[in-house]
1. What number goes with the only condition from (1) surrounded by fewer than 23 Cβ atoms within 10 Å (Cβ to Cβ); (2) within 11 Å of the chain's Cα centre (by Cα) that residue 5 does not pass?
2. Which condition does residue 74 not pass, out of (1) part of a loop (DSSP other than H, G, I, E, B); (2) surrounded by fewer than 19 Cβ atoms within 10 Å (Cβ to Cβ); (3) under 14 Å from the mean Cα position of the chain (by Cα), if it passes all the others?
3. Of all residues in the range 24-42 being touching a residue at least 60 places away in the same chain (Cβ under 8 Å) and part of a loop (DSSP other than H, G, I, E, B), which is nearest to residue 54 (Cα to Cα)?
4. Is the range 80-88 home to any residue that is within 22 Å of residue 123 (Cα to Cα) and touching a strand residue (DSSP E or B) at 6+ places or on another chain (Cβ under 7 Å)?
5. Which condition number in (1) in a loop (DSSP other than H, G, I, E, B); (2) on the phi < 0 side of the Ramachandran plot; (3) surrounded by fewer than 22 Cβ atoms within 10 Å (Cβ to Cβ) is the one that residue 21 fails?
């Protein structure tokens, strides 16, 4: 059901934890579903220098969080904003259709963390081009 890459990131997730005094924090999730994701970013001169996560959820949610933090580290905020749920899923060598909502959560968590940072800097939040309109609602959520 899961690719080796998903299993690797589930068994040995990268960047687990919290960043104290994070520059941006993104909290996303669906309590009905059970997947809750917190993304923490450290940002210096418009570049993400560190990213960590704490996720309560299934293996795909943990793997998606792990991969998303790997993909945004070292990127500018603009580059990180463009990291889509599809990019997360592709980097994991695919997710089962019923688990794609986990990669959507990862993308949304990154976006919320970036906008949290922008808000703290007195900047307008960026607007998502294609909001996912709750693709991770309870209808798509099965453990």
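FYI, it's all coordinate maths here, none of it is from the lab. What you see is a predicted model; the values in this text were computed from it and never measured. Cβ placement follows ideal geometry from the backbone for every residue including glycine, while neighbour counts extend to all protein chains displayed.
1. It is condition (2) that residue 5 fails.
2. (3)
3. Only one residue tops the list, namely 34.
4. Yes: one or more hits.
5. Every condition holds for residue 21 apart from (2).
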